[in-house]
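Quick notes on the structure that follows.
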Amino acid sequence: MTDENADQGIPAPEGAADIIDTDYEIGQDNIDGQVGPFGFDIHNPVFLVSGLAIVAFVFYTLALPEQAGSGFTWLFSTVTTSFDWFFLGAADFFVIFCLLLIVSPLGKVRLGGADATPDYSYIGWFAMLFAAGMGIGLMFYGVSEPMSHFSSSFGGIASEGGVRTDWAPLGGAEGDAEAATRLGMAATIFHWGLHPWAIYAIVALALALFSYNKGLPLTIRSAFYPILGDRVWGWPGHLIDILAVFATLFGLATSLGFGATQANAGLNELFGVPINDTVEVLLISGITAIALVSVLRGLDGGVKILSEINMGLAFLLLVFVLIAGPTMLILTGFVDYLVAYVQYLPGLANPIGRDDVNFSQGWTAFYWAWWISWSPFVGMFIARVSRGRSVREFIICVLLIPSLVCVLWMSVFGGVAIDQVVSEGYTAAQEADLPIQLFKMLDALPLAGITSLIGIVLVIVFFVTSSDSGSLVIDTITAGGKVDAPVPQRVFWCIFEGAVAIVLLLSAGGLSSLQSMVISTGLPFTIVLLIMCFAIWKGLRSEMKA
Amino acid sequence: MFKKILMPVDLAHLEKLEKALSCGTELAKTFDAEIVYAGVTTALPGALSHTPAEYAEKLKAFAQEQSTASGVRCSSVSQISHDVSIDVDNALLKSVEETGADLVVMASHVPGIVDYVWPSHGGRLASHAKISVMLVR
């Protein structure tokens, strides 16, 4: 790197590729060798520090479950109550930034160079980014979130000493079923629509840009090159990557925990399998074993095929619920809920001066932290399969289409469940625990046995794809951006993710321990994301000149 | 007997390939065959190259170097894969078909217990290629 480059952050374009000129060689800090029959090629110190810290964390949680449990609770409430404005404001900023990129001339830049062609068809690409991005969450919250917001809105506002104690979004809609439905659906769409996908799009775009167009390794730190220069190859970069590994691991473990509890609940509903820790541990272990097979089959033979199967199954389930439920009501609801979303968006997205504290802190801030902690994982995965798309095409596809699909999904599953309560007085889903609500809703429709089974299969396959793609991503980060590191490393991470999910699920707090870890890694990563936006802007501008 | 010998090479680990390389060269001299050096790379920047084109250039330079040293006619072929560590065998099979090679000479390790469930790249290539495969251990 020359002095001139240091001033500009990104060096002047060199021909069509506009590769950043750095002395760093991918893999230069790696150590490789052989343990028994298995080869390894890992980044020192990212692999060692993150690996050891996570092992230490697991042992601490197992050894002192009570102390760890209360620590987790404290963390959760501190981060969500003190930094809710920060999460909300940052997420709003990401959405605006993405929308601006779509309309600006920078949207013309093609990822992978001006002449690059896409590696995957739209369907394969879309299936993968969708399965990686939301998967289990859609199954877990598809019915339960609209239902929760509907119920709390319907219940209206309650306050104690000037502080609201109810969980209703905004002002609620006491006693008005129609308004409560609209508000509940708008709040759900808010959590699953533009905001999460904008978060993913930013990380994915930064990674794809700095890797495909600038020739830097595929790790989170590369996006910081315009700001830190060659220092990203030292400790500042190590820290960013280690943080990304933590966020990814805990984000994944949370989803795996959700998946395991829901699969267990579903099996209980269908076959009377007991709901307890043993079954959940067995489920996590069994599903991790399936994920291993998928890992060994690689990106094209494993994740891609599974994602496409899952898309097909999810689509079938969606169409079935749409037809078996009150079809016309759902379809008009879809449009109505979108309108409600736009109508309530300014209020829901407002980061300051909120009086619906339980909702904005307990739901929105947690969600934003969760999406952000997932962003290195989903972002890197999206980046890896997005080469050859233009920035505009990329953002439209990553931001708008998944958002619309989420709206549709929530309208169908949530809409049917709420309608069961409002017009049929069927309250089994409303009263059930979160993981079981989906199955209770399906119960009231025909062919419940088959659809519930499909539901369980979907949860399991989403679990497998998350675990598989997660291993791929963590492996890439801990191998210093090498994408051709020995396969046993991926196997190691795949097993490790399952293990972390198991110990946290068994710890005192159960799922809430997982959630606390997610939001505490999400907070520092939000800052990382904000800086990334600046780097993207700089990087794209230098591409325009190329 | 053989006209075109395909030799898979990993430019990052040339030191491990010496035996296989010289074996291939000798065979090529004996049969007056051409050697095609085959490599597999990703679209992502890696340790060896930033782009697939840069990788192809490096492989070509390697082939020319070998040709100058041994006097055997050499060329190169490279494939792009999304997931090299897993797909390398399929990519090499594709190179075999594309180049019309009639013999593969490649380095492999001595099989151990792991190879029963997880065969080496050479092992898998030998099982699936339609042409002769010589593994140099």
Query raised in the report: Is it fair to say A:Ser159 is of a type outside the set (Lys, Arg), surrounded by fewer than 20 Cβ atoms within 10 Å (Cβ to Cβ) and touching a helix residue (DSSP H, G or I) at 6+ places or on another chain (Cβ under 9 Å)?
Result: no
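Residue-by-condition table, conditions (1) at negative phi; (2) surrounded by fewer than 24 Cβ atoms within 10 Å (Cβ to Cβ); (3) free of Cβ contacts under 8 Å to residues at least 60 places away in the same chain:
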residue: A:Leu447; (1), (2), (3): no, yes, no
residue: A:Thr451; (1), (2), (3): yes, yes, no
residue: A:Val459; (1), (2), (3): yes, no, no
residue: A:Thr476; (1), (2), (3): yes, no, no
Query raised in the report: What tally of residues in region A:207-265 results from selecting those that are touching a strand residue (DSSP E or B) at 6+ places or on another chain (Cβ under 9 Å) and within 14 Å of A:Pro376 (Cβ to Cβ)?
Result: 2
Report summary line: Scanning region A:388-413 residue by residue, the ones that are within 14 Å of chain B (Cβ to nearest Cβ) and either over 26 Å from B:Ile80 (Cβ atoms) or crowded, with 24+ Cβ neighbours inside 10 Å (or both) total 1
Requested in this report: Could you give me the residue pairs with C-beta distances under 8 Å whose first residue belongs to region A:227-242 and is closer than 18 Å to A:Thr521 by Cβ, whose second residue is surrounded by fewer than 22 Cβ atoms within 10 Å (Cβ to Cβ) wherever it lies, and which are 6+ apart or on separate chains?
Outcome: A:Pro236/A:Leu228; A:Gly237/A:Leu228; A:Gly237/A:Arg231; A:His238/A:Pro45; A:His238/A:Val49; A:Ile242/A:Val49; A:Ile242/A:Ala53
**Report entry** Single unsatisfied condition, B:Glu34 versus (1) over 20 Å from A:Gly215 (Cβ atoms); (2) within 12 Å of chain A (Cβ to nearest Cβ)
**Finding:** (2)
Query raised in the report: Looking at B:Ser127, B:Ser75, B:Ser132, B:Ser108, which is the one that is surrounded by fewer than 17 Cβ atoms within 10 Å (Cβ to Cβ), modelled with pLDDT of 80 or more and closer than 20 Å to A:Leu296 by Cα?
Result: B:Ser127
Query - Residue count for region A:355-384, restricted to those that are more than 20 Å from A:Thr478 (Cβ to Cβ) and within 14 Å of chain B (Cβ to nearest Cβ) - result: 0
**Report entry** Residue that is farthest from A:Ala253 (Cα to Cα), among those in region A:265-300 that are within 14 Å of chain B (Cβ to nearest Cβ) and buried (at least 16 other Cβ atoms within 10 Å of the Cβ)
**Finding:** A:Asp300
Report summary line: From the option list A:Ile519, A:Ile527, single residue qualifying as of a type outside the set (S, T, N, Q), part of a helix (DSSP H, G or I) and at pLDDT 85 or above is A:Ile527
Query raised in the report: Got at least one residue in region A:232-248 being within 14 Å of another protein chain (Cβ to nearest Cβ) and over 24 Å from the mean Cα position of the chain (by Cα)?
Result: yes
Report task. Can you confirm whether region A:405-428 contains a residue that is touching a strand residue (DSSP E or B) at 6+ places or on another chain (Cβ under 9 Å) and assigned to a helix (DSSP H, G or I)? Result -> no
Query raised in the report: Any residue at all in region A:453-470 that is within 14 Å of another protein chain (Cβ to nearest Cβ) and out of contact with any Gly (no Cβ under 8 Å at 6 or more places or on another chain)?
Result: yes
Query - Given (1) surrounded by fewer than 24 Cβ atoms within 10 Å (Cβ to Cβ); (2) closer than 27 Å to A:Val378 by Cβ, index of the condition A:Val421 fails - result: (2)
Query - Members of region B:78-93 found to be away from chain A (no Cβ under 13 Å) and either at pLDDT below 85 or in a helix (DSSP H, G or I) (or both), listed by number - result: B:Leu92, B:Leu93
Report summary line: With the first residue restricted to region A:331-357 and required to be over 27 Å from A:Val416 (Cα atoms), and the second required to be of a type in the set (A, V, I, L, M) and surrounded by 13 or more Cβ atoms within 10 Å (Cβ to Cβ), Cβ contacts under 6 Å at 6 or more apart or on different chains are A:Pro351/A:Leu88
Query - Boolean, A:Val503 is assigned to a helix (DSSP H, G or I), within 27 Å of A:Val385 (Cα to Cα) and in contact (Cβ under 8 Å) with a residue 60 or more places away in the chain - result: no
Query raised in the report: Looking only at region A:137-171, which residues are assigned to a loop (DSSP other than H, G, I, E, B), of a type outside the set (D, E, K, R) and either in contact (Cβ under 8 Å) with a residue 40 or more places away in the chain or touching an Asp or Glu at 6+ places or on another chain (Cβ under 6 Å) (or both)?
Result: A:Gly156, A:Ile157, A:Ala158, A:Thr165, A:Trp167, A:Ala168, A:Pro169, A:Leu170, A:Gly171
Report summary line: Note on region A:82-98: residues touching a residue at least 24 places away in the same chain (Cβ under 8 Å) and among the aliphatic types (A, V, I, L, M) are A:Leu88, A:Ala90, A:Ala91, A:Val95
Requested in this report: For region A:229-248, state whether one or more residues are under 18 Å from A:Ser542 (Cα atoms), at pLDDT 90 or above and assigned to a helix (DSSP H, G or I).
Outcome: no
Requested in this report: Output the residue which, of all residues in region A:187-215 that are within 14 Å of chain B (Cβ to nearest Cβ) and not in a helix (DSSP H, G or I), is surrounded by the fewest Cβ atoms within 10 Å (Cβ to Cβ).
Outcome: A:Gly215
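The values are calculated or read from the model by the stated rules, or taken from the named source; none is laboratory data. None of the values given here were measured: they were computed from a predicted structure. Don't worry about glycine lacking a Cβ; one is built from the backbone with ideal geometry, like all the others, and counts go over all protein chains shown.
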